[in-house]
Every structure is written in C-alpha cells, then in structure tokens.
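Asks: Before I ask anything, here is the structure I am working with.
Taken together, the values in this text are just the output of simple stated rules run on the coordinates, not laboratory data. Predicted model, so just to flag it, every value in this text is computed and none were measured. When we count neighbours, we look across all protein chains shown, and the Cβ atoms used for this are built from the backbone with ideal geometry, even at glycine.
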Amino acid sequence: MKRKIALGCLVILLLASLVARDEDFWGESLEKYSTLLSLIETNYFNQVDPEQLVFSSIRGVLETLDPHSYFLDPASFSRMREEYTGKYYGLGIQIQKQGDNLVVISPLEGSPASRLGIQPGDIISHINGESTKPISSFDAMQKLRGPKGTEVTITLVREGLEAPFDLTIERAEIPLRSVPYAFMITKDVGWIFIRNFAETTAEEFEEKMAKLIGQGMKSLILDLRNNTGGPFFQSVEIADLFLPKGSAIVSIKGRNKLYNREFRAQRDGQYENIPLVVLINRGSASASEIVSGAVMDNDRGFIVGEDSWGKGLVQTVFPLGENLALALTTAKYYTPSGRSIQRDYAHIEDYILYKKAPEDEREVRYTAKGRKVLGQGGISPDFETESGRNLFILELMNKGAFFGYARKFAGRQTPRSKTTVFLEEEGEEKGFVVDSRIIEDFKTFLRTNKIAFSEERFQEVESEIKRELEREIYSSIWGTEAGVRVYQKSDPAVLKALEVMSEASKFVADNQSP
C-alpha cells in the first residue's frame with residue numbers, strides 16, 4: 001500500500017510543481033492524502049484494491065481540470081503506445097460485437113489469424129476458456145492482445161461445422177496503418193483516408209501520394225472524418241506538405257511560457273500545387289483540426305462536411321514510472337488566423353454529447369484572403385453535408401444484417417446470388433450494383449433471421465441500405481478496399497468535394513500569382 005500512496009503523492013507533487021502553489025498547502029495535502037488512503041484500507045467493510053484506489057483518486061483530481069487531461073494506467077498507456085508507434089502485438093483480426101456474438105470481420109493479410117485460416121464470419125465464443133458473450137468488443141480486443149510471442153487460445157464457431165473448435169495462436173507484431181486506404185475516385189481525383197495520426201503517418205501518407213500521382217492524380221480529397229488525432233508534430237508535418245514554405249500552421253500558448261511556440265511550413269517543392277479538399281465531421285478532433293485549420297486559414301483548399309469536434313487543447317505526457325504517465329493539458333493551440341477552436345466545456349454533459357456552440361457567441365477571425373472563420377466551436381466547413389446514419393441503419397448494422405447477408409451472398413447461399421455472375425475483377429468496373437432483386441433477397445434474409453423491420457422504415461432509407469449492401473458485398477467478394485472504394489464513390493461529402501474541386505483549384509492559382 002505504501003508504494004501506491006507514494007504514487008498518488010507523486011502526482012500531487014507534479015501538479016504542485018506545475019501550478020506553483022504554496023509549499024505548505026501541498027505538504028499538508030500530501031499528509032492528508034496518505035492518511036485518507038490508509039484509513040480506507042484499514043476500515044472499509046470490503047477489501048479494496050490499493051492500486052485501483054490510487055488510480056481512481058488520480059483520475060478524480062484530473063476531472064476537476066478539463067476533459068482532456070487524463071491518467072495513463074498500464075492498459076491505457078499500452079494503447080497509447082500502440083497508436084503512437086503504429087503497431088501492436090496480437091492476432092491480426094478485425095472484430096465486431098453483433099448481438100451477443102463476437103464476430104470476425106476480417107483477418108489482416110499476413111497475420112497469424114490469416115495464416116491459420118480464420119475466416120470472416122467466424123464467431124469467437126471463448127477467449128482462454130472465458131465466454132465472450134458478456135464482454136464488449138473493446139474488452140475482447142484487450143484479451144486478444146498481449147506481449148509478442150505469448151499465446152492465446154480462442155474457440156471458434158463456424159457455419160457448416162457441427163462443433164466449435166479451438167485454436168492456440170502465438171501473438172505477433174501487427175502493423176496499425178494510420179493511412180489504410182488511398183485510391184482514385186475519378187480519372188484525375190484521388191482520395192486518401194488518414195484514420196489517425198501516429199509517428200508513421202507522414203511516411204505512410206507520402207507513399208500513398210506517390211502511388212496516386214503515378215496513377216494520374218491531379219487533385220486530392222483528404223478524408224479526416226472520425227480522425228480523433230494523435231501526435232501533434234505529425235499533424236504539423238502533414239500540413240507542411242501542402243503549404244508554401246513560411247506559411248503559418250499552428251501556434252501554442254500556455255500559462256507557462258516554456259510551452260509557447262509557433263510552427264510554420266519548413267519546406268517547398270512538395271504538394272503545394274495540388275488542388276485540395278479536406279473532409280471532416282464531428283469525429284474529427286485535435287491533430288486533424290490542426291491540419292484542416294491550417295488549410296482553411298491559409299486559403300489552401302476547401303473544407304467539406306460537418307463542424308469538427310472542437311478540441312484546441314495540447315497535452316504534455318509526464319512519465320510517472322514504468323507504464324504509468326500523466327497527460328496534462330499545458331497549452332491551447334491557435335490556427336493561423338489566431339482562433340482557438342476549443343468548444344466550451346463548462347457544462348461537461350453538453351461537451352460530451354456534442355452541443356454545438358451558438359454561432360453568434362463564436363469569435364470571428366479572417367483567413368489570409370479575408371474569408372470569415374469562427375472559433376470556439378471546432379472547424380466549421382466551407383460546405384456542409386450530413387454524415388449521420390439513420391437509427392434503423394444502425395440497428396441493422398448492430399445485428400450484423402449487412403455483413404451476414406453479404407457473407408451468404410458471396411457464398412451463393414441466397415436465391416438471388418445463385419443467379420448472379422461474379423467476375424474475377426472488381427465488380428464496379430463491370431457495372432455490378434445492388435438492384436431491386438437483391439433488395440428483395442435481403443428482405444427475405446431479414447425475415448429468415450427474424451430481424452424485424454417495417455416496409456415504411458425500409459423505404460425511407462432504401463438508398464442508404466443499397467450503399468451498405470454494396471460495401472459489404474464488394475468487401476466479401478473482392479476485398480475490403482473494394483468495399484471502401486464503392487462506398488466512397490457515392491458518399492455525399494465525397495460528391496460535394498468533387499463538385500467544388502474546380503473552385504478549390506483557384507486557391508492554388510491565386511497562391512502562385514506574384
């Protein structure tokens with residue numbers, strides 16, 4: 001217990017050094033903290049876990065500060081390190097909870113899961129003998145990951161086999177691609193998706209750019225939707241790729257002047273002349289907001305989508321010991337126009353549930369060419385499109401309806417699929433679409449599997465149902481990227497980006513003018 005108390009005291013001392021309060025005050029606080037923990041351990045009616053007690057007290061301290069200062073215990077520290085380095089140790093499978101079932105969506109190519117023949121649609125019923133029914137997909141992921149070279153035993157239920165079977169798999173290094181997809185949307189417009197920012201992001205991104213330029217790309221749609229951020233310096237490096245040398249990217253300012261810095265583009269001769277449209281939504285935060293803010297405020301391209309999350313706070317990670325750290329907000333960042341995009345978090349429920357900032361309460365700034373932009377509420381796009389899914393669509397996804405039907409369709413196990421010609425090459429190039437006959441086939445599948453729906457609800461969102469079915473069928477027959485590609489080609493934000501790309505190209509021409 002003494003070691004745990006010492007850890008809590010260490011956090012208090014660290015906070016004291018940062019806020020520079022009266023030494024007597026902090027000395028008394030340390031004494032009271034030690035007494036409190038000892039009293040609980042000795043007198044509480046149930047046995048307590050000292051480690052969790054200390055961890056909870058640390059989190060309680062941080063919750064009084066802001067929503068983005070947080071404590072990294074061994075589990076969260078490990079997750080942060082995986083995201084940052086772009087790799088983890090595990091089996092290499094994408095999983096999803098569908099009802100009570102933990103379903104394999106896809107094994108990653110070359111992974112231990114792929115080599116041992118794990119298939120999309122397999123149900124993982126047990127992990128090391130423990131049922132997966134009561135746990136979330138996130139908890140399952142944590143159980144499947146572990147140190148390199150260690151083993152985990154999973155029990156698989158596979159359609160067509162009479163009984164479940166066990167596989168014992170050795171964990172291996174699995175790369176986490178922060179730039180997983182890039183392809184041509186039209187013959188001269190490319191699309192690149194950055195899932196998150198990691199230490200490998202800029203390198204991965206340039207590889208994708210070289211690939212698309214080699215395929216004839218003249219303009220780019222950069223998709224940062226649902227990108228919650230990552231390392232600060234990677235966002236600066238991505239922005240630098242598109243901005244002329246000397247352009248402001250972002251500045252940070254804190255109460256402690258040691259954190260005050262301004263970042264500008266350091267290089268020329270990269271992608272400064274490629275017309276650019278950036279896609280964002282409310283899931284875009286932090287580092288992705290730095291990139292989109294730099295593009296917007298420098299009049300380098302258009303922003304399309306929804307208002308971003310509005311996280312304009314910078315965290316510094318302070319190590320507390322082995323596999324323990326404190327991520328503390330030490331500064332705010334400001335876009336090149338001088339605006340802070342941090343949403344108000346005085347009412348934490350409104351912040352977490354994403355209550356938009358009233359426009360008339362937001363700070364007004366101006367871009368390099370005089371366009372009006374707003375602060376205190378994320379990045380507001382130049383062109384707004386909706387990206388939220390209908391509740392009925394989400395219900396069908398949660399029950400695995402689209403994925404389950406696509407697996408049956410690809411395996412020629414539905415009436416319509418038995419008369420459909422599957423081509424070796426990717427279907428979209430041959431005009432494959434989800435037509436009315438496949439829609440009726442899907443309805444039959446829903447009824448057979450007792451997934452309730454009404455004709456009225458179905459008809460309201462039939463066009464979106466077609467898009468989801470196309471994505472899953474393409475993924476099942478021609479691979480995951482084929483599914484992503486066909487889905488993006490009918491995405492409202494992507495279509496809007498294509499529509500305004502000619503206007504975005506004028507930014508490049510203006511920047512080249514003497």
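Asks: So how compact is the range 214-334: Cα radius of gyration and Dmax in angstrom?
Replies: 15.5, 50
Asks: If you rank 179, 104 by fewest surrounding Cβ atoms within 10 Å, what's the result?
Replies: Ranking 179, 104 by Cβ neighbours within 10 Å, fewest first, gives 104, 179.
Asks: If contacts are Cα pairs under 8 angstrom and at least 6 residues apart, what is the relative contact order of the range 268-338 in percent?
Replies: Dividing the mean separation by the residue count of the range 268-338 yields 30 percent.
Asks: For residue 250, list long-range residues whose amide hydrogen, built 1.01 Å from N in the peptide plane, is under 5 Å from its own amide hydrogen.
Replies: Under 5 Å from the amide H of residue 250: 263.
Asks: Over the Cα atoms of the range 70-162, each weighted equally, I'd like the Debye log10 I(q)/I(0) at q = 0.17 Å⁻¹, rounded to two decimals.
Replies: Summing over Cα pairs of the range 70-162 leads to -0.76.
Asks: Would you work out which of 192, 394, 445 lies farthest towards the positive end of the dipole of the chain, given +1 charges on the beta-carbon of Lys and Arg and -1 on that of Asp and Glu, about the Cα centre?
Replies: 192
Asks: Let me ask you something else. Could you pull out every whole DSSP H run in the chain that spans at least 27 Å of Cα extent along its own axis and averages -0.5 or higher on the Kyte-Doolittle scale?
Replies: Those that pass (Cα extent of 27 Å or more, hydropathy at least -0.5) are 23-43, 492-512.
Asks: Also: Which value at 222 nm does the chain reach when only helices count, each DSSP H run of 4 or more adding -39,500 (n - 2.57), with the total divided by all residues and rounded to the nearest 500 deg cm²/dmol?
Replies: -12000 deg cm²/dmol
Asks: Nearest 20 debye, what's the magnitude of the dipole of the range 391-492 about its Cα centre given +1 on Lys and Arg Cβ and -1 on Asp and Glu Cβ?
Replies: Here the size comes out at about 520 debye.
Asks: Something else: How big is the convex hull of the Cα atoms of the range 160-259, per residue, in Å³?
Replies: 221
Asks: If you don't mind, another one. Using Cβ counts within 10 Å as a stand-in for footprinting exposure, how do 191, 478 rank, fewest first?
Replies: Sorted ascending by nearby Cβ count, the order is 478, 191.
Asks: Tell me the label only: which of (i) 24.2, 81; (ii) 25.5, 82; (iii) 24.2, 77 is Rg and Dmax of the Cα atoms in Å as calculated from this structure?
Replies: (ii)
Asks: May I ask which residue of 479, 403, 414 lies farthest towards the positive end of the charge dipole of the range 391-492, with charges of +1 (Lys, Arg) and -1 (Asp, Glu) on Cβ and the Cα centre as origin?
Replies: Positive-end residue among those listed: 414.
Asks: Continuing with the same structure: Can you tell me the relative contact order of the chain? Whole percent, Cα pairs under 8 Å, sequence separation 6 or more.
Replies: Reported relative contact order: 11 percent.
Asks: Compare the Cα positions of 105, 62, 505 along the charge dipole of the chain (+1 at Cβ of Lys, Arg; -1 at Cβ of Asp, Glu; about the Cα centre) and return the one farthest towards the positive end.
Replies: Of the options given, the answer is 505.
Asks: In debye, nearest 20, what is the charge dipole magnitude of the range 231-325 about its Cα centre with +1 on Lys and Arg Cβ and -1 on Asp and Glu Cβ, if you could check?
Replies: That gives a dipole near 360 debye.
Asks: Quickly rank 482-492, 153-163 as a protection proxy: mean count of other C-beta atoms within 10 Å, highest first.
Replies: Output ranking for 482-492, 153-163: 482-492, 153-163.
Asks: Among the lysines, select those whose C-alpha is under 23 Å from the C-alpha of residue 466, and discard any that sit fewer than 8 residues away in the same chain.
Replies: Partners found: 97, 399, 408, 418, 430, 443, 450, 489, 496.
Asks: Could the peptides 311-322, 387-398 be put in order, highest first, of the mean number of other beta-carbon atoms found within 10 Å of their residues?
Replies: Top to bottom by mean Cβ count within 10 Å: 311-322, 387-398.
Asks: For a protection proxy built on the mean count of beta-carbon atoms within 10 angstrom, sort 501-509, 236-244 highest first, please.
Replies: Ranked by mean Cβ neighbours within 10 Å, highest first: 236-244, 501-509.
Asks: May I pose another question? If you place +1 on the Cβ of every Lys and Arg, -1 on the Cβ of every Asp and Glu, and leave all else neutral, what size is the dipole of the chain about its Cα centre, to the nearest 20 Debye?
Replies: Roughly 280 debye, rounded to the nearest 20.
Asks: Additional query: Around residue 126, which amide H atoms from residues at least 5 apart in sequence, or from another chain, sit under 5 Å from its own amide H, with H modelled in the peptide plane?
Replies: Residues meeting the criterion, in which the H sits 1.01 Å from N, are 132, 155.
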